[in-house]
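Single-structure report; data block below.
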Amino acid sequence: MTPATASGTYLPSPPNRWKIWRQANTITLLLILLGGTAHSSSEIRPNRPHHPQAGHLWATLDRDQITTQLAAHYGDRAQQRGQSWLTTLEQAIRAPVTEQLFQINRFFNLFTFIDDARLWGESNYWATPLEFIGANGGDCEDFAIAKYFSLIQLGVPRQKLRLTMVKALSLNQYHMVLTYYDTPTAIPLVLDNLDPKIKPATQRQDLLPVYSFNAEQLWLNKQKGRGELAGDASRLQKWNDLNYRLGAAVLRQPRISLE
């Protein structure tokens, strides 16, 4: 797909053609916030503060440091993936945001999808981007998280990006995607590992939104739009743990090799 075509594909439908997302079940949303569902009981509650160096690596990416880390922890092929990722970032840094979305989404969707229990030995482990790249795969949260931090590195404002928990209706299970809001009231674009094509949320009738968050805020997504502000993102335990580990020197080793 050429940049021009990619840019044209990403534009949402005109406002008068937008359709309202189906409203999520109110009881389910409340249970999620209170930690009452099996999937989310460990996700939404206060947790430890961020690591003092959390995010330092992401302020200015050091190619030598990153590739050396990947080689030491995961081997030569992981180092090559890290180099490809850094090259993708370098090539996209001055591109229009729609092209940046396309390049990052395409890059990470080449990775292998695998269940956390098989790869990491525990359910619902949120890998850091370097762990995801090193392992050569992960589950839906890992795809979305890697895309989120990569786009921030390219200069996309944090407030335009959301990690969004949805229910994938065709699979009848919870699923995470990355959403991009061009303006505060825009219908978001969905970056997903299930569907490689970036589409407006109104074209993803297979996804039922539940909640979304970024570095600062947490929202209940009752419609396929911005949703209702529900508090600070620090309520999400998994998010706090992830940010803590961004500054940690040790990268987790997967239980199995995907090479």
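The values are calculated or read from the model by the stated rules, or taken from the named source; none is laboratory data. Predicted model only: the values in this text are computed from it and were never measured. Cβ sites come from the backbone with ideal geometry, for glycine too, and all protein chains shown count toward neighbours.
Within segment 204-237, work out how many residues are modelled with pLDDT under 65, over 18 Å from LYS167 (Cβ atoms) and part of a strand (DSSP E or B).
Qualifying residue count, segment 204-237: 3.
What are the residues in segment 150-161 that are closer than 19 Å to TYR211 by Cα and either in contact with a Leu (Cβ under 7 Å, 6 or more places away or on another chain) or modelled with pLDDT of 95 or more (or both), if any? Full working, then the answer.
Quick first cut of segment 150-161, residues closer than 19 Å to TYR211 by Cα only: 158-161.
Listed by number, the residues that qualify are LYS160, LEU161.
Considering only segment 161-203, give the strands (runs of 3 or more DSSP E) lying wholly within it that have at least 3 residues that are on the phi < 0 side of the Ramachandran plot and among the hydroxyl-bearing types (Ser, Thr, Tyr).
Numbers: elements: 161-168, 173-180, 189-191.
In segment 161-203, the matching strands (runs of 3 or more DSSP E) lie at 173-180.
Run VAL97 past the list (1) within 14 Å of the chain's Cα centre (by Cα); (2) under 30 Å from THR183 (Cβ atoms) and report the number of the one that doesn't hold.
Here VAL97 meets the rest and fails (1).
Are any of the residues in segment 118-129 under 19 Å from ASP195 (Cα atoms) and touching a residue at least 12 places away in the same chain (Cβ under 8 Å)?
Within segment 118-129, none of the residues are under 19 Å from ASP195 (Cα atoms) and touching a residue at least 12 places away in the same chain (Cβ under 8 Å).
Among residues belonging to segment 140-160 that are among the aliphatic types (A, V, I, L, M) and surrounded by fewer than 24 Cβ atoms within 10 Å (Cβ to Cβ), point out the one that is farthest from ARG94 (Cα to Cα).
ILE152
Here are some conditions: (1) farther than 20 Å from ASN240 by Cα; (2) out of contact with any Phe, Trp or Tyr (no Cβ under 9 Å at 6 or more places or on another chain); (3) among the polar types (S, T, N, Q). SER123 meets all but one. Which one does it not meet?
(1)
If I ask for residues that are out of contact with any Pro (no Cβ under 9 Å at 6 or more places or on another chain) and of a type in the set (D, E, K, R), which ones from segment 78-117 would you list?
ARG81, GLU90, ARG94, ASP115, ASP116
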